[in-house]
Amino acid sequence: MSTESLPVIAIMGGTGDLGTGLARRWLQAGYQVIIGSRTREKAVAACDSLREVMAERGTSEISVQAMENRPAAEAADIVVVTVPFSHQVSTLEDVRDALAGKILVDVTVPLVPPKVARVQLPAEGSAGQIAQTLLGDEVSVVSAFQNVAAHHLQAEGEVD
């Protein structure tokens with residue numbers, strides 16, 4: 001499969017450790033990645049950092065761009081949400097219309113302060129179920145990557 005035929009991936013909340021870690025892995029694999037954020041400035045800073053890190057690793061030809069969350073969701077084929085649980089619903093509500101007919105990969109882990117060391121399952125059963133209920137049948141929600149630590153994604157080498 002050529003990189004031109006690969007889907008474009010937008011990462012909402014892509015400025016954090018998990019979002020940039022996933023972006024690095026997808027960029028290394030040749031995907032076009034859009035870093036989404038509530039503010040374009042934060043997305044631009046994350047993209048600049050990604051370009052610098054990728055160049056240090058010997059990969060200077062990458063396709064990464066910065067956008068606010070809504071335009072990022074509109075421009076992508078696959079949308080990934082890596083925001084904290086407390087921002088999951090508001091983020092998805094902001095981009096709901098842009099997700100119709102797309103795949104949403106929800107990386108949200110239901111951690112609720114003060115007990116952030118332990119997952120607290122919501123009444124709906126999971127963060128992924130909350131997303132599916134909110135977005136409806138027009139969006140295919142996949143819950144994934146909650147068990148992959150951001151520091152493993154940021155590091156060199158394989159991820160088990």
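The values are calculated or read from the model by the stated rules, or taken from the named source; none is laboratory data. Quick caveat: nothing in here was measured; it's all calculated off a predicted structure. Keep in mind that these areas ignore ligands, DNA and RNA; they rest on the heavy atoms of the full protein, side chains included. Shrake-Rupley method; radii C 1.70, N 1.55, O 1.52, S 1.80 Å.
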Would you mind getting the accessible area per residue of the chain, heavy atoms of the protein chains only, 1.4 Å probe, in Å²? 54 Å²
Whole percent per 5 Å bin, from 0 to the bin with the longest distance: what is P(r) over all C-alpha pairs of segment 36-160? 2, 10, 17, 20, 19, 17, 11, 4, 1, 0
